[in-house]
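The values are calculated or read from the model by the stated rules, or taken from the named source; none is laboratory data. Note that the coordinates shown come from a computational prediction; the quantities given were computed from them, not determined experimentally. Glycine gets a Cβ as well: all are built from the backbone with ideal geometry, and neighbour counts include every protein chain shown. Heads up: the accessible areas ignore ligands, DNA and RNA and are worked out on the full protein's heavy atoms, side chains in. Shrake-Rupley method; radii C 1.70, N 1.55, O 1.52, S 1.80 Å.
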Amino acid sequence: MGPYIRCMPVSIPFDNSFARLPDAFYSRLNPEPVRAPSLIAYNKELGDLLGIAPASDSERAAVFSGLKVPEGASPLAQLYAGHQFGNYNPQLGDGRAILLGEVVGTDGKRYDIQLKGSGRTPYSRMGDGRAWLGPVLREYVVSEAMHALGIPTTRALAATLTGEDVIREGILPGAVLTRIASSHLRVGTFQIFAQRGQKDAQRQLTDYAIERHYPEADGPLGLLREVCNAQAELIAAWMSIGFIHGVMNTDNSAISGETIDYGPCAFMDEYHPDTVFSSIDQMGRYAFSNQPRIAVWNMAQLATALLQQLDDPEAAVTPATEIVHAMPERIETAWTRRMGAKIGIAEAGPDDRPLIESLLKVMQEGRADFTNTFDALARGQARDQFLNRDAFEHWAEDWYRRTETEDNPQATMQQASPRVIPRNHRIEEMISAAVQGDYAPFHRLTAALAEPYTTEDTALMHPPTETERVPATFCGT
């Protein structure tokens, strides 16, 4: 492979603020070139938002696979640490990703453009730095679905085949995802400098995060409060759609409050609070019902890291503790608001929680599908979702009385309850087809999930049959 070609095959209006920080925060390097890139998908709507000029598919494939580095890019791999399943790893970093740079979109907001699966970096830890097609398509579909659902998330700009194989459980086609984020700053980004005792770096990082994400925040405690608030809203949003992240390590917890890193993620079919899909979560640490608790734990780790930069950390322990301890109530308030809307209550409050919780209990006992139950409730057909229909009817008596005073409960429910989600068996079906060169299921899913509240592709609403069930999801690294 010859030297890199610095050219303008795709014009991107870069403005790279993170790259202007000191070298302690990253390692500068180009993505590893690939043999024969080809474009699977390009998100034109998102590209337009980022101000990316029109280009041919071959030009896009060259840039978004890492074969060519566009003019104005400042490629680098970010450094961070993190707690992984509760155990601290003192150095992680982007082991298979390169941040090309940043743009200020047509909406005035700043975005990272990152290549995921772009080859080895100093943080690869014996890995090949590559991604195979399955996880790339999974993240493309699920992140764009989350965006359409109105949930803060990283997004997918492009998916590209590399023309090279990777070795996982077998020989599989290699691919690269171009991921867009408000930033890739994580709880683990703060942890590594705190653990190393590098106060100057901590202070620079804190100032940078405040300026970029929360300009009204006042110092480390102000930043902590804003991140806790954003995370509380995010977790409540996840819970309201039956989403299970699967790997809520602190290096996968974004300061921006966006969902990041769609590895062994999944959406519940039948409702059960202890649902786990991740193959690496043997103890259920990141089970569906544990996600609020883990979010608080992660924020406690952020608080510990942020305080280390202060001249007198002990003096800030009490206010920091109060901020973190306020999180459970914030999550519950946001959860109540979102779940209340799913049963037709526009402004649900604490008095409505028993009604919501009793429905979830009936759903669990009746093995009701999470998504379809709420969609059917909005359409007057929920009784058919339950094995024990009498139990639902008993709950519905209280529900009817509560919603009598609501202006338009049906509209409230329909706006809060998607008809379609990226179901695990459909994702696996899509991946299996794509490995054989058939991208029709991928395009069908992306089209339907772009309109999750109104889609007419009712076949995608069906839960899996017994033979279609996906018992475990995998990280894909």
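Kindly indicate the residue of region 18-60 that is of a type in the set (D, E, K, R) and outside any helix (DSSP H, G or I) and also least open to solvent (accessible area, probe 1.4 Å) among those meeting that condition. Can you show your working first?
Looking only at region 18-60, we keep the residues that are of a type in the set (D, E, K, R), and these are 20, 23, 28, 32, 35, 44-45, 48, 57, 59-60.
Adding the requirement that they be outside any helix (DSSP H, G or I) leaves 28, 32, 35.
Working: Arg28: 131, Glu32: 58, Arg35: 160 Å².
Filtering region 18-60 for residues that are of a type in the set (D, E, K, R) and outside any helix (DSSP H, G or I), the one least open to solvent (accessible area, probe 1.4 Å) comes out as Glu32.
Being open to solvent by less than 50 Å² (accessible area, probe 1.4 Å), in contact with a strand residue (DSSP E or B) (Cβ under 6 Å, 6 or more places away or on another chain) and either at pLDDT 95 or above or of a type in the set (Ser, Thr, Tyr) (or both) is the requirement here; does Phe288 meet it?
So Phe288 passes the test.
Within region 153-188, how many residues turn out to be touching an Asp or Glu at 6+ places or on another chain (Cβ under 8 Å), of a type in the set (Ser, Thr, Tyr) and not in a loop (DSSP other than H, G, I, E, B)?
Selection size over region 153-188: 1.
So for region 232-243 (the condition being over 23 Å from Arg138 (Cα atoms) and either in contact with a helix residue (DSSP H, G or I) (Cβ under 6 Å, 6 or more places away or on another chain) or not in a helix (DSSP H, G or I) (or both)), does at least one residue qualify? Full working, then the answer.
Restricting attention to region 232-243, the residues satisfying the condition of being over 23 Å from Arg138 (Cα atoms) are 232-233.
Filter once more, keeping what is either in contact with a helix residue (DSSP H, G or I) (Cβ under 6 Å, 6 or more places away or on another chain) or not in a helix (DSSP H, G or I) (or both): 232-233.
Yes, the conditions are met somewhere in region 232-243.
Which residue, of Thr121, Thr160, is under 22 Å from the mean Cα position of the chain (by Cα) and of a type in the set (S, T, N, Q)?
After applying the criteria, what remains is Thr160.
List every residue pair whose Cβ atoms sit under 6 Å apart, with the two residues 6 or more apart in sequence or on different chains, where the first one lies in region 13-31 and is modelled with pLDDT under 95 and the second, anywhere, is surrounded by fewer than 15 Cβ atoms within 10 Å (Cβ to Cβ) and outside any loop (DSSP other than H, G, I, E, B).
Close Cβ pairs satisfying both conditions: none exist.
With (1) on the phi < 0 side of the Ramachandran plot; (2) more than 26 Å from the chain's Cα centre (by Cα) as the list, and Pro328 as the residue in question, which single condition is left unmet?
Going through the list (1) on the phi < 0 side of the Ramachandran plot; (2) more than 26 Å from the chain's Cα centre (by Cα), Pro328 breaks only (2).
Looking only at region 106-122, count how many residues are touching a strand residue (DSSP E or B) at 6+ places or on another chain (Cβ under 6 Å), open to solvent by 10 Å² or more (accessible area, probe 1.4 Å) and not in a strand (DSSP E or B).
Number satisfying all stated conditions: 2.
So is Gly170 surrounded by fewer than 20 Cβ atoms within 10 Å (Cβ to Cβ), out of contact with any strand residue (DSSP E or B) (no Cβ under 9 Å at 6 or more places or on another chain) and at pLDDT below 95 or not?
yes
Among what's in region 339-349 and is in a helix (DSSP H, G or I) and touching a Ser or Thr at 6+ places or on another chain (Cβ under 8 Å), pick the residue that is surrounded by the fewest Cβ atoms within 10 Å (Cβ to Cβ).
Selected residue: Ala341.
Which ones in region 362-379 are part of a helix (DSSP H, G or I), closer than 18 Å to Pro418 by Cα and not polar (S, T, N, Q)?
Met363, Phe370, Phe374, Asp375, Ala376, Leu377, Ala378
Going by what's in this entry, would Gly263 be described as touching a Gly at 6+ places or on another chain (Cβ under 7 Å), modelled with pLDDT under 95 and not in a helix (DSSP H, G or I)?
Judged against the criteria, Gly263 is a match.
Could you tell me whether any residue of region 61-71 is assigned to a strand (DSSP E or B) and surrounded by 17 or more Cβ atoms within 10 Å (Cβ to Cβ)?
yes
Among the helices (runs of 4 or more DSSP H) confined wholly to region 380-477, which include 3 or more residues that are of a type in the set (A, V, I, L, M, F, W, C) and under 26 Å from Ile167 (Cα atoms)?
Per the criteria, 424-435.
Condition (residue is in contact with a Gly (Cβ under 9 Å, 6 or more places away or on another chain), acidic (Asp, Glu) and either modelled with pLDDT under 95 or open to solvent by less than 40 Å² (accessible area, probe 1.4 Å) (or both)) applied to region 228-239: is it met by at least one residue?
no
Which of the residues belonging to region 80-96 are at negative phi, open to solvent by 10 Å² or more (accessible area, probe 1.4 Å), part of a loop (DSSP other than H, G, I, E, B) and of a type outside the set (S, T, N, Q)?
Within region 80-96, the first condition is being at negative phi, and the residues that meet it are 80-81, 83-84, 87-92, 94-96.
Still in the list and also open to solvent by 10 Å² or more (accessible area, probe 1.4 Å): 80, 83-84, 87-91, 95-96.
Of the ones still in play, those that are also part of a loop (DSSP other than H, G, I, E, B) are 80, 90-91, 95-96.
Answer for region 80-96, where residues must be at negative phi, open to solvent by 10 Å² or more (accessible area, probe 1.4 Å), part of a loop (DSSP other than H, G, I, E, B) and of a type outside the set (S, T, N, Q): Tyr80, Pro90, Gly95, Arg96.
Could you check Met299 against (1) under 19 Å from the mean Cα position of the chain (by Cα); (2) within 30 Å of Phe374 (Cα to Cα) and say which number it fails?
In the conditions (1) under 19 Å from the mean Cα position of the chain (by Cα); (2) within 30 Å of Phe374 (Cα to Cα), Met299 misses (2) alone.
Of these, Asp369, Asp407, Asp457, Asp438, which one is over 27 Å from the mean Cα position of the chain (by Cα) and either under 23 Å from Ala287 (Cα atoms) or open to solvent by 30 Å² or more (accessible area, probe 1.4 Å) (or both)?
Asp407
Considering only region 281-338, state which residues are touching a residue at least 60 places away in the same chain (Cβ under 8 Å), more than 22 Å from Met268 (Cβ to Cβ) and in a loop (DSSP other than H, G, I, E, B).
Once the filter is applied, which keeps residues that are touching a residue at least 60 places away in the same chain (Cβ under 8 Å), more than 22 Å from Met268 (Cβ to Cβ) and in a loop (DSSP other than H, G, I, E, B), region 281-338 yields Gln308, Gln309, Leu310, Ala326.
More than 17 Å from Pro264 (Cα to Cα) and crowded, with 19+ Cβ neighbours inside 10 Å: which single residue out of Thr154, Thr160 fits that description?
Just a single option satisfies the conditions, and that option is Thr160.
Just to be sure before I move on: is Arg212 closer than 24 Å to Gly95 by Cβ, more than 12 Å from the chain's Cα centre (by Cα), open to solvent by 10 Å² or more (accessible area, probe 1.4 Å) and not β-branched (Val, Ile, Thr) in the structure I sent?
In short, yes.
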